[in-house]
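The block underneath contains the structure these notes are about, expressed in structure tokens.
The values are calculated or read from the model by the stated rules, or taken from the named source; none is laboratory data. Only a predicted model underlies this, so the values are computations on that prediction, with no experimental measurement involved. With ideal geometry, Cβ positions are generated from the backbone for all residues, glycine too; neighbour counts draw on all protein chains shown. These area figures cover heavy atoms from the full protein model, side chains too; ligands, DNA and RNA do not enter into them. Shrake-Rupley method; radii C 1.70, N 1.55, O 1.52, S 1.80 Å.
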Amino acid sequence: MRAINLDTYSLSLLTAKEDILNPRSSTNWALFTYDGATNNLKLSDSGAGGVVELSEKFLIAKPQYGLCRVGSAEVGGPRIAMICWAGPNVDENRRTECASHVPAIKTFFKEAYVFISAESKEDVTEEKICAELNKVCPPTEHVRRSSRSKDKETVVSGPLAIPSLSTRGGANTWTHPGTVLLY
């Protein structure tokens with residue numbers, strides 16, 4: 001099996017990922033495909049129509065990856081999902097090969113809260129994606145910092161989303177480290 005190559009198109013991949021992560025950007029989804037018969041991943045398309053628009057872009061005979069921002073400030077802030085698509089007409093050998101790429105995809109797109117495998121349009125609905133996101137991080141879950149608890153340290157493990165303390169362009173970026181120290 002050949003390894004996936006994320007370096008060849010890394011600038012377009014990084015730009016698309018940053019657009020999705022930026023809550024001020026109107027772009028809320030990006031579609032990534034393999035370049036021809038190679039394992040070079042490239043940006044195929046992006047847009048602002050949400051999960052509905054993204055789901056229409058998946059092709060039945062191609063493995064693809066869809067990164068999308070779901071939610072808004074009213075429901076606890078936007079959360080990121082990655083859809084690992086292998087349409088029903090994808091050859092079984094290619095499907096297996098692409099499944100071996102998922103660890104590299106998860107590493108590169110580490111900002112995604114969930115990685116959802118899908119092979120039909122029914123697997124890619126806002127309701128299903130929100131249900132998966134809610135299993136990981138309920139929309140009403142908030143992390144508070146109390147000045148009274150500075151002497152206590154609590155370790156929280158898992159994909160917990162908190163706003164980072166650094167800002168870029170005036171907007172908070174969201175991260176979900178494996179272990180978060182809360183004071």
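Computed quantities for the displayed model
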read-out: Unmet criterion (only one of (1) more than 22 Å from ASN134 (Cβ to Cβ); (2) surrounded by 15 or more Cβ atoms within 10 Å (Cβ to Cβ); (3) over 14 Å from the mean Cα position of the chain (by Cα)) for ALA30; value: (3)
read-out: LYS121 more than 23 Å from LEU21 (Cβ to Cβ), of a type in the set (Lys, Arg), at pLDDT below 90 and open to solvent by 20 Å² or more (accessible area, probe 1.4 Å); value: no
read-out: Extreme residue, modelled with the highest pLDDT, among residues of the stretch 61-83 that are in contact with a helix residue (DSSP H, G or I) (Cβ under 9 Å, 6 or more places away or on another chain), open to solvent by 20 Å² or more (accessible area, probe 1.4 Å) and under 21 Å from LYS110 (Cβ atoms); value: ARG69
read-out: Subset of the stretch 37-60 (residues that are surrounded by fewer than 16 Cβ atoms within 10 Å (Cβ to Cβ) and under 18 Å from SER100 (Cα atoms)); value: ALA37, THR38, ASN40
read-out: Failed condition for ASN93, given (1) at positive phi; (2) exposed (fewer than 15 other Cβ atoms within 10 Å of the Cβ); value: (1)
